[in-house]
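For reference, the structure is listed below as structure tokens.
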Amino acid sequence: MVLPGLALPLALVLTWCKPAPRVCVLVLLACALYLQTREKLDLPFGFDYQDEAPVRLANTRSTQSMLQGELQPATTVRFLDDTTRLIQSCVRPGETVFTYPEMSLIYSLSGSSPPTRSPSHNIDVVGDSLATREAEILKINPPRILVYYPESEQQERDAERLWRRGKSAGQRDIVHAIELLLSQYSLVQTYQLREGDPLIGVYLRDLDKSSTPTCR
């Protein structure tokens, strides 16, 4: 976010510099650009504890038509393709899907919708009072499929220090609601997008544990 704002002062420096110092500035800028590009290739995007895998690992194509034309890491493709197929196979008209805290792409790929008002429940997006109301809606209207990325207690506390000045966040109510509902679900599959990441659990409600989740 800061780098684009440096364009004007750097342009002024280059304008005022004499030829010899100007060459030095240009060399420094070229080195900075090279290092920044390398860093971006290793970490395309990161937010909170959710970091994208390096670009070099994006070597697999998804079977989803919406994602044609781009390459993604094999672990991401497997998660998106498997979960989308499960939803399209098992979720009937009128039923819902819920992802936590933020996997809205699943809704778009599968054509599904959440039972809550918001598809995203990141702590920087949804305030405490809304999160608490969303938790109540979730308990009253449990979705057919839950896609849950659990965060550790330390991660939750770190987020609360950053976004709530250390106060308990309403997102804890959503997590509590999910944990209560999980007794009604069967774990279909787990996915780990990057080494060291928590496992993403995909849960199906009222699944016969002796069968495979074909649904249709």
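Of all the numbered requirements in (1) of a type outside the set (A, V, I, L, M); (2) over 18 Å from the mean Cα position of the chain (by Cα); (3) under 30 Å from LEU105 (Cβ atoms), TYR34 misses one, and that requirement is (3).
With respect to the conditions (1) in a helix (DSSP H, G or I); (2) at pLDDT below 95; (3) not charged (D, E, K, R), LEU180 falls short on a single one, namely (2).
Take the conditions (1) surrounded by 14 or more Cβ atoms within 10 Å (Cβ to Cβ); (2) modelled with pLDDT under 95; (3) assigned to a loop (DSSP other than H, G, I, E, B); ASP158 misses just one of them, which is (3).
When residues in the stretch 106-124 are screened for being buried (at least 19 other Cβ atoms within 10 Å of the Cβ), in a loop (DSSP other than H, G, I, E, B) and of a type in the set (S, T, N, Q), 2 of them pass. Pairing each residue of the stretch 199-216 that is at pLDDT below 55 with any residue that is surrounded by fewer than 18 Cβ atoms within 10 Å (Cβ to Cβ) and of a type in the set (S, T, N, Q), provided the two are 6+ apart or on different chains, yields C-beta distances under 6 Å for LEU207/SER186; LYS209/SER186.
Each row is one residue, and each column tells you yes or no for (1) of a type in the set (D, E, K, R); (2) more than 34 Å from the chain's Cα centre (by Cα).
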site	(1), (2)
ALA7	no, no
LEU12	no, yes
ARG22	yes, yes
LEU26	no, yes
ALA58	no, no
THR63	no, no
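When ASP81 is tested against (1) surrounded by 13 or more Cβ atoms within 10 Å (Cβ to Cβ); (2) outside the structural domain of ARG144 (by TED's automatic domain parsing); (3) out of contact with any helix residue (DSSP H, G or I) (no Cβ under 8 Å at 6 or more places or on another chain), exactly one condition is not met: (2). Selection of first residues in the stretch 61-89 that are in contact (Cβ under 8 Å) with a residue 40 or more places away in the chain and part of a helix (DSSP H, G or I) and of second residues that are loosely packed, with under 14 Cβ neighbours inside 10 Å and not polar (S, T, N, Q), restricted to Cβ pairs under 6 Å at least 6 apart or on distinct chains, gives the following pairs, ordered by first then second residue: SER89/ARG216. Looking only at residues of the stretch 15-40 that are touching a helix residue (DSSP H, G or I) at 6+ places or on another chain (Cβ under 9 Å) and either basic (Lys, Arg) or assigned by TED's automatic domain parsing to the domain that holds ARG161 (or both), we find that the one that is surrounded by the most Cβ atoms within 10 Å (Cβ to Cβ) is ARG22.
The values are calculated or read from the model by the stated rules, or taken from the named source; none is laboratory data. Owing to the predicted nature of the structure, the values given are computational and were not obtained by experimental measurement. In this analysis, Cβ positions are derived from the backbone assuming ideal geometry, glycine residues included, and neighbour counts consider all displayed protein chains.
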